[in-house]
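Below is one structure, written out as structure tokens; comments come after it.
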Amino acid sequence: MLSLGLSRAQYREYRRTLTRSHTMKVTCHLLTPEHRLVRTIRHSLSAGQIDVTTPRLDGDSVEISRTASLRFFDPVQSLSLDDSTPVDNAFYLNRMVRVIYSVQCSFGWVDVPVFTGPIVSVDRDGDEVAVECQGKEVWALGSAVRNAILKGDRDDVTRRILFRAGESSRYMQIPPGGGKAQATIGPQTKLWLKAWKAQAAAGRVLFYDGRGIVKAKRKPSKTALVLRGGDSGLLWSEPRVSYRVDSSIINYCKVVGRKPSKGKKTRPSAEVVAPRGHTLSPWKLGRNGEPLYLTGDGRAFIENPDLKTNAACRRLAERTIQDSLLQHVEVTCETFPIPDLEPWDILHVATRGVSVRFRVDEFTLPLVQRGDGESMSIGARKPTKRFTYASERRMRKPRRRR
């Protein structure tokens, strides 16, 4: 979950507020690429949503984790769209948009930055202006021009790659460590992909959060939030749960570390098996008393020269199995909006008929609430609902009777 800087008591109150009727507001800021505030967008937001997904590597490309779809009501056409506008407040493609989702609690407003990224599309349709934005990694998806060979600690190499993409150290959270790394930069190198792979080799994921900060971290292993139904829960309806078993699943893992130095005879190693009680454990999948070990077409056998002890090998094996088992549990549910949710967070659905942990791979956060409210979709993305103003409905031509 995104850190909000709240005390424990304030955080509990914030969570309770999300489960009941409350006041919320959305603020949109226009920024320069360096995060300097240009102005607050005061036009009415008629529709909008934030789509978040866990980036997946597909060949030589990786997905962008956040996308914002916004519709502003602008009947007098005062929302500047021309890049030749003489004042420094035009709404065009070398600008970023920051979206802040605010919840009113008993102790005051809690502001949650849910998106920060550049504008990629602007389109006017009558009285409405549709704005599409993508995460800041879009600036690092172009090819590099200058050649370079970067060597050093993995965190330093990652930072230097991101520096070349124009990022500032102020907006980086790259933890130290991860062993030595080398990155070769050429004319066709996509900088974001190179940085993403550098951190993936250390078992970390790389993404931009809602504040526009690039973060490298291990996938969470602890439950971030429990989803329950009823008057005091976040669930809107019963979740849909399914288990997917294919050739990539792992319920057994063996990790081997660094080759022994002089005087040592064995390499550090560890073998870990999924818990007996898990639905996809070897004993649950086996038959006639023989357990079924799944190795994911060789993915279960890992050799990592950065690991020096048996304990380090065991930790990596446990993380690998846990991540594989969570990936094969698919949960789709509708909840009250949870603005501080982040990709890869682990949620626990606990209802009368279901009790299961799963990792969040995608969700949609609605930005406009009307009527009985808009639910947040977890496990699947949903399209934005367009709101029609009364003045626009009156302008529609009546249908011709046959």
> When the chain is modelled as a GNM with alpha-carbon springs shorter than 10 Å, which of R170, R42, R95 fluctuates the most?
Replying inline: R170
> Among V157, V205, V145, whose mean-square fluctuation peaks in a Gaussian network model of the chain (Cα, cutoff 10 Å)?
Replying inline: V145
>> Bin width 10 Å, origin at 0, all Cα-Cα pairs of the range 311-350: what percent of pairs per bin?
In response: 20, 44, 26, 10, 0
>> Just to confirm my numbers, what's the Cα centroid distance between the range 196-236 and the range 95-109 in Å?
In response: 20
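Which number comes out as Rg/Rh for the range 223-372 once both Rg and the Kirkwood Rh are worked out on C-alpha atoms?
On the way: Rg = 19.5 Å, Rh = 17.8 Å.
A ratio of 1.10.
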> Antiparallel as a % of all DSSP beta bridges within the range 249-348, to the nearest 5?
Replying inline: 70
> Over all directions, what mean area does the Cα convex hull of the chain project, stated in square nanometres?
Replying inline: 28.2
>> With angles folded into 0 to 90 degrees, how steeply does helix 191-200 sit against the dominant principal axis of the chain? Use alpha carbons for both and round to 10.
In response: 40
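Can you give the direction-averaged projected area of the convex hull of the alpha-carbon atoms in the range 148-217, in nm²?
Numbers: hull surface 17.0 nm².
If I average the Cα hull's projected area over directions, I get 4.3 nm².
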> If you bin every alpha carbon distance in the range 245-327 into 5 Å steps from zero, what whole percent lands in each bin?
Replying inline: 3, 17, 24, 21, 15, 10, 6, 3, 1, 0
> Cα axis of helix 310-327 to longest principal axis of the chain: angle in degrees, 0 to 90, nearest 10?
Replying inline: 40
>> If I take every Cα pair under 8 Å that is 6 or more residues apart in the chain, average their sequence separation and divide by the length, what percent do I get for the relative contact order?
In response: 16
> Percent antiparallel among DSSP beta bridges with both residues in the range 148-217, to the nearest 5?
Replying inline: 85
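Any read-out appearing in this document is the output of simple, stated calculations on the displayed coordinates, not a laboratory observation. If you're wondering where the values come from, they're calculated on a predicted model, not measured in any experiment.
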